[in-house]
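Novice: I am attaching a structure below and will ask some questions about it afterwards.
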Amino acid sequence: MEFCTLTEKEFRSFLEKSPERTFLQTPEIGKLREKSGWKVEYLGVKEGKKVTAATLMTSKVMHFGYKEFYAPRGLLVDYKNKELLTFFTNSLKKHVKENKGYEFRIDPYVINVERDSAGEIVEGGVDNRQIRTTLEALGYKRIKKENMEQVGWMYVLDIDGKTEDEVLKNMKPNTRNTIRKTLKNGIEIIELEKKDLPMFHKIMIETGKRKGFHIRSLKYFEDMYDLFKPRDEIKFLLTRLDLKKHIKMLEEDKEKQLEEKNKLNDAKYNDGKRKAFDLAIQGIEKRIKQAEEIMEKDGEVINLSSSMFIMIDPEIIYLSSGNYEEYMCYNSQYLIQWEMIKYGIEHKFKRYNFYGITGNFDKNDKDYGIYEFKTGFNGFVEELIGEYTYPTSFMYHIMNLIHKIRK
């Protein structure tokens, strides 16, 4: 076995065949990190001419000239091959130390233990807990959940070989019904070009203020577009509603309900049906009034929500999204999800990844609503093995002390 620096072409070729493949290990993410001062290199192991392990490794000078090294969603290696993992780890340790690094971090895209939709462990399912033990035996230290850089828990929908009907029928009734109702609202889904990204960013900023979380700059999203769009691996979608058309659709629906009601004879057994029609008509009238009030205040055409998706085989990742709170009644986020799930089915993706959840399944948790929204699509919880650091210098402890003081 030989530890070596790989060319970008060699690395990408290995990445595309790796079971741990994810967007965070792509050269595009390396180029994105370079824009914020990180140095990028592609490191690997060869046996003869064959690459058997690899990683995108980034590094940055932190304090006193010492560097932090980080392999986002690395390493790309068979974690059950202890000989290979040991050789790669020891080689990385030496490389980092020689380049004045005090640690290198990894957060592998590897499942810890298989779980169901409720987060319960699946008996007889995938179990990689031994990998944690192996890493710790090699000298890696597990990072606390609250200090992890990437998400550790995700919610995923299996779409491998599925039809649209199969996926829709398997959703929870409330989610399926919401999607069907939303399809009748006349909402338009638009794919944004780079010049349109300020609309996406404006929605994200509003959402961040409301929910109290930091939103990246417009430049970040423009860079993501520039890096991933040439390979058609990114989409920004926006939902928009023409209220004038929407009101017309509602009025047509109301007329249809009235016609159906008027077809009923005066027999007593039709009382229940008449009541149902009356309730439906009242609901439509309420929605018409609501739309008219919004149109008077905000104009004829309104933007509702927007989302960013990364599409790298075998999965589509729902990475970022935002919405205007006053328009949430239109449930446009359900429509965006359904649009991209259909895209995934059509283009033969295996997984639709709703991405981050907290891993806390308590209904009183402040973020439970996010998890509840995602579970409506009836997928499963995925827990990763976590983030690890490998100290390579006494400076690791000094750096940790500095970070604690700053916190």
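Results for (1) within 19 Å of Gly139 (Cβ to Cβ); (2) surrounded by fewer than 20 Cβ atoms within 10 Å (Cβ to Cβ); (3) over 29 Å from the mean Cα position of the chain (by Cα), shown as yes or no for each residue.
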residue	(1), (2), (3)
Glu20	no, yes, no
Lys31	no, yes, no
Glu47	no, yes, yes
Ala53	yes, no, no
Lys60	no, yes, no
Tyr66	yes, yes, yes
Ala71	yes, no, no
Lys80	yes, yes, no
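Novice: Now a separate question. Mind listing just one residue for me: the one in the stretch 129-159 that is of a type outside the set (D, E, K, R) and part of a helix (DSSP H, G or I) and, of those, nearest to the chain's Cα centre (by Cα)? Give the steps one after another, and end with the answer.
Specialist: At the first step, the residues of the stretch 129-159 found to be of a type outside the set (D, E, K, R) are 130-131, 133-135, 137-140, 143, 147-148, 150-157, 159.
If we keep only those that are part of a helix (DSSP H, G or I) too, we end up with 130-131, 133-135, 137-138, 147.
On the way: Gln130: 27, Ile131: 25, Thr133: 28, Thr134: 29, Leu135: 26, Ala137: 32, Leu138: 31, Asn147: 19 Å.
Across the stretch 129-159, the extreme among qualifying residues is Asn147.
Novice: A further question on this structure: Restricting attention to the stretch 242-265, does a residue exist that is in contact with a strand residue (DSSP E or B) (Cβ under 6 Å, 6 or more places away or on another chain) and touching a residue at least 24 places away in the same chain (Cβ under 8 Å)? I'd like the intermediate steps shown before the answer.
Specialist: Taking the stretch 242-265 first, the residues in contact with a strand residue (DSSP E or B) (Cβ under 6 Å, 6 or more places away or on another chain) are 242.
Filter once more, so that each one left must be touching a residue at least 24 places away in the same chain (Cβ under 8 Å): 242.
Yes.
Novice: Inspect the stretch 308-324 for any residue being among the acidic types (Asp, Glu), surrounded by 13 or more Cβ atoms within 10 Å (Cβ to Cβ) and under 30 Å from Leu24 (Cβ atoms) and give the result as yes or no.
Specialist: First, the residues of the stretch 308-324 that are among the acidic types (Asp, Glu): 313, 315.
Retained after the next criterion (residues that are surrounded by 13 or more Cβ atoms within 10 Å (Cβ to Cβ)): 313, 315.
If we keep only those that are under 30 Å from Leu24 (Cβ atoms) as well, we get 313, 315.
Yes - at least one qualifying residue is present in the stretch 308-324.
Novice: So which residues in the stretch 58-113 are of a type in the set (Ser, Thr, Tyr) and part of a loop (DSSP other than H, G, I, E, B), if there are any at all? Spell out the reasoning first.
Specialist: From the stretch 58-113, those of a type in the set (Ser, Thr, Tyr) are 58-59, 66, 70, 79, 86, 89, 91, 102, 109; that's our starting set.
Within the stretch 58-113, Tyr79, Tyr109 meet the criteria.
Novice: I've got another one for you. Being of a type in the set (A, V, I, L, M, F, W, C) and part of a loop (DSSP other than H, G, I, E, B): is that true of Ala53 here?
Specialist: Working: of a type in the set (A, V, I, L, M, F, W, C): yes; part of a loop (DSSP other than H, G, I, E, B): no.
The answer is no for Ala53.
Novice: I'm told Gly369 meets every condition in (1) surrounded by fewer than 20 Cβ atoms within 10 Å (Cβ to Cβ); (2) not in a helix (DSSP H, G or I) except one. Can you identify the failing condition by its number?
Specialist: For Gly369, the failing item is (2).
Novice: Still on this structure, I have one more. Go through the stretch 339-359 and give me each residue that's assigned to a strand (DSSP E or B) and closer than 13 Å to Lys374 by Cβ. Give the steps one after another, and end with the answer.
Specialist: The first filter runs over the stretch 339-359 and keeps only residues assigned to a strand (DSSP E or B), leaving 351-357.
Passing the criteria: Tyr352, Asn353, Phe354, Tyr355, Gly356, Ile357.
Novice: Only one of Tyr324, Tyr371, Tyr396, Tyr352 is touching a residue at least 60 places away in the same chain (Cβ under 8 Å), out of contact with any Lys or Arg (no Cβ under 8 Å at 6 or more places or on another chain) and not assigned by TED's automatic domain parsing to the domain that holds Gly212. Can you tell me which?
Specialist: After applying the criteria, what remains is Tyr396.
Novice: Restricting to the stretch 49-63, name every residue that is hydroxyl-bearing (Ser, Thr, Tyr) and within 18 Å of Tyr109 (Cβ to Cβ).
Specialist: From the stretch 49-63, those hydroxyl-bearing (Ser, Thr, Tyr) are 52, 55, 58-59; that's our starting set.
Those that are hydroxyl-bearing (Ser, Thr, Tyr) and within 18 Å of Tyr109 (Cβ to Cβ): Thr52, Thr55, Thr58.
Novice: Please pick out the residue among Gly376, Gly369, Gly344, Gly386 that is small (Gly, Ala, Ser) and touching a Gly at 6+ places or on another chain (Cβ under 9 Å).
Specialist: On the way: Gly376 fails: touching a Gly at 6+ places or on another chain (Cβ under 9 Å); Gly369 fails: touching a Gly at 6+ places or on another chain (Cβ under 9 Å); Gly344 fails: touching a Gly at 6+ places or on another chain (Cβ under 9 Å).
That would be Gly386, the only listed residue that is small (Gly, Ala, Ser) and touching a Gly at 6+ places or on another chain (Cβ under 9 Å).
Novice: Still on this structure, I have one more. In the stretch 179-203, what residues are part of a helix (DSSP H, G or I), closer than 19 Å to Glu339 by Cβ and not aromatic (Phe, Trp, Tyr)?
Specialist: Taking the stretch 179-203 and keeping what is part of a helix (DSSP H, G or I), we get 179-183, 194-203.
Now narrow it down to the ones that are closer than 19 Å to Glu339 by Cβ: 179-183, 196-197, 199-200, 203.
If the condition is that a residue be part of a helix (DSSP H, G or I), closer than 19 Å to Glu339 by Cβ and not aromatic (Phe, Trp, Tyr), then Ile179, Arg180, Lys181, Thr182, Leu183, Asp196, Leu197, Met199, Ile203 are the ones that fit.
Novice: So is Lys162 at pLDDT 95 or above, surrounded by fewer than 19 Cβ atoms within 10 Å (Cβ to Cβ), part of a helix (DSSP H, G or I) and charged (D, E, K, R) or not? Spell out how you get there, then give the answer.
Specialist: Working: at pLDDT 95 or above: yes; surrounded by fewer than 19 Cβ atoms within 10 Å (Cβ to Cβ): yes; part of a helix (DSSP H, G or I): no; charged (D, E, K, R): yes.
Spelling it out, it is not the case that Lys162 is at pLDDT 95 or above, surrounded by fewer than 19 Cβ atoms within 10 Å (Cβ to Cβ), part of a helix (DSSP H, G or I) and charged (D, E, K, R).
The values are calculated or read from the model by the stated rules, or taken from the named source; none is laboratory data. Quick caveat, the model's predicted, so the values are computed rather than measured. Glycine gets a Cβ as well: all are built from the backbone with ideal geometry, and neighbour counts include every protein chain shown.
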